[in-house]
Amino acid sequence: MITSAAYLPSTETLSLHIECTPCEEGDMDATLCPECGALAEVQWRAVMESTDGPIEHARISCLRRHWFLLPVAALERPQPQPAGDLRPTRLR
């Protein structure tokens, strides 16, 4: 039976300790949004415990304001554009 923290007796506590590493200002770690494929920024990373051991996760948000908390292994790297193909594009 799974018990949420709101229903635990007062003598029991549920603790969750996550150490987040925010990305440095000026440093942008880019990935692709799993929902729409738009460019997304990694906002922070954290190592979370699991039954199989610690797993590094990242919080991402894309240009279309989707956000996700995903294992780092699930992130996709955007393909670099050739230097001649760097013209401005319009967002829809």
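Numbers for the structure displayed
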| item | result |
| --- | --- |
| Number of positions in the stretch 30-66 that are under 11 Å from the mean Cα position of the chain (by Cα) and among the hydroxyl-bearing types (Ser, Thr, Tyr) | 2 |
| Long-range neighbours under 7 Å by Cβ, at least six apart or interchain, first residue within 18 Å of Thr31 (Cα to Cα) within the stretch 50-63, second exposed (fewer than 10 other Cβ atoms within 10 Å of the Cβ) and of a type outside the set (Phe, Trp, Tyr) | Leu63/Leu91 |
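Conditions (1) among the polar types (S, T, N, Q); (2) at pLDDT 90 or above; (3) assigned to a loop (DSSP other than H, G, I, E, B), marked per residue:
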site: Leu16; (1), (2), (3): no, no, yes
site: Met28; (1), (2), (3): no, no, yes
site: Pro34; (1), (2), (3): no, yes, yes
site: Ala40; (1), (2), (3): no, yes, no
site: Gln43; (1), (2), (3): yes, yes, no
site: Asp52; (1), (2), (3): no, yes, yes
site: Arg64; (1), (2), (3): no, yes, yes
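The values are calculated or read from the model by the stated rules, or taken from the named source; none is laboratory data. Being a predicted model, the structure only gives us computed values, none of them experimental. Backbone-built Cβ (ideal geometry, glycine too); neighbour counts: all protein chains shown.
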